[in-house]
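Comments concern the structure below.
The values are calculated or read from the model by the stated rules, or taken from the named source; none is laboratory data. Since we're looking at a predicted model, the values are computed, not measured. Ideal geometry is used to build each Cβ from the backbone, glycine not excepted, and the neighbour counts take in all protein chains shown. Calculation scope for accessible area: heavy atoms of the full protein, side chains included, ligands and nucleic acids excluded. Shrake-Rupley method; radii C 1.70, N 1.55, O 1.52, S 1.80 Å.
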Amino acid sequence: MAESTSLPFVPSRGGAVALRWLLFAVLALFALFYLMPLFVMITTSLKSLDEIRTGSLVALPESVTFEAWTTAWSSACSGIQCEGLRPYFWNSVALTVPAVALSTLLGAVNGYIIAQWRFRGANLIFSLMLFGCFIPFQVVLLPMARTLGFIGVAGTIPGLILVHVIYGIGFTTLFFRNYYVTIPVELVKAAKVDGAGFFRIFWSIFMPLSLPILMVTVIWQFTQIWNDFLFGVSFSQAGTQPVTVALNNIVNSTTGVKEYNVNMAAAIIAAFPTLFVYAVAGKYFIRGLTAGSVKG
């Protein structure tokens, strides 16, 4: 008796279209679900306090006002303590830009050395740096505070830059090392034959090829440093605090009436740089993550 074979089910053209639209509908529901908090934040920040108390949470503002945004951004200061986010926002800019640049550059050099310039103990050093990526923030608070005090940068923006550079080197080295091992070693050997040295090879060959992983590292470090709260609240003082610490102070303020519209506006202002970076360079982040995934 001949053995029957069953063909796989192939939906009709109409069924395939229906399944596609069903998938789109499900994805749209998920998108609405995740975007609803942002929608509520934006609409609440554009309402007055009276409208917030009497109106619906998800309703559009009856009359748009930017007074809450002005209050959240304003920099009315008493001594060195300010009420608005403006000075702390620029503190975060002064902290994040050099910390991202330094940690990315050091990670690129480390990854280049470990991946292409083989030496005794390279794998051990890489393993130790990789282990450092998994050390919780709380473990390093006390020794880091003692170190910052010893070198005289405690409570300053340069001190916070140093903290984030040190803590980020493990991640940036991991990213660049996994990317650089995919580049043929023959390129380095050919450059050595032509008389190129260590830094000439790095700047002329590897850096021009590093744009995908460079974007990943910059986005990763920018997000981690800008959104950091624990290091900011632990190693800063009045006048040098980053925007996340100032946002916490505004939201948790117990003086006067709770201004939910100001709180929402302040939260959006504090989150805007990371939202902007992901909106502009998000596709490069995905491409860079997969660029070094073939060979590890």
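A few notes on this one:
- Shape call, the stretch 10-65: gyration tensor on alpha carbons, a/c limit 1.5: prolate
- Area of residue 226 that stays accessible when all protein chains are in place (1.4 Å probe, Å², to 10): 10 Å²
- Using the Cβ-Cβ distance between residue 42 and residue 230 with R0 = 25 Å, the FRET efficiency computed as 1/(1 + (r/R0)^6) comes to roughly 0.35.
- Within-13-Å neighbourhood charge of residue 125 [Cβ basis; K, R +1; D, E -1]: +3
- Solvent accessible area, Å² - residue 50, 1.4 Å probe, full protein context: 110 Å²
- Mean Cα-pair separation over length for the chain, i.e. relative contact order, pairs under 8 Å, 6 or more apart, %: 27 percent
- Peptide ranges 21-32, 91-102, 276-287 listed from the most packed, as the mean C-beta count within 10 angstrom indicates: 91-102, 276-287, 21-32
- Around residue 140: net Lys/Arg minus Asp/Glu count, Cβ-Cβ under 15 Å: 0
- Answer label, with P(r) over Cα pairs in 10 Å bins from 0, in percent calculated from the coordinates and candidates (i) 6, 24, 28, 24, 15, 3, 0; (ii) 6, 20, 23, 21, 16, 10, 4, 1, 0, 0; (iii) 6, 27, 36, 23, 6, 1, 0: (ii)
- Within the stretch 136-180, backbone nitrogen closer than 17 Å to the virtual label 7 Å beyond the Cα of residue 101 toward Cβ: 157-166
- The alpha carbon gyration tensor of the stretch 161-296 gives principal lengths a ≥ b ≥ c with a/c of 1.5 or higher and a/b greater than b/c, which makes the shape prolate.
- Heavy-atom surface analysis with a 1.4 Å probe gives the chain a carbon and sulfur content of 70 percent of its accessible area.
- The simple Förster model, with R0 at 51 Å and r as the Cβ-Cβ distance, assigns residue 248 and residue 209 a FRET efficiency of 0.80.
- Of interest is the spacing of the C-alpha centroids, which for the stretch 91-140 and the stretch 188-245 amounts to 9 Å.
- Treating r as the C-beta distance of residue 49 and residue 90 and R0 as 41 Å, the FRET efficiency rounds to 0.90.
- When only the Cβ of Lys, Arg, Asp and Glu is charged (+1, +1, -1, -1), the dipole of the chain relative to its Cα centre reaches about 1020 debye.
- Extension gain, residue 278 to residue 257, is 4.1 nm, computed as 0.36 nm per intervening residue step minus the present C-alpha separation.
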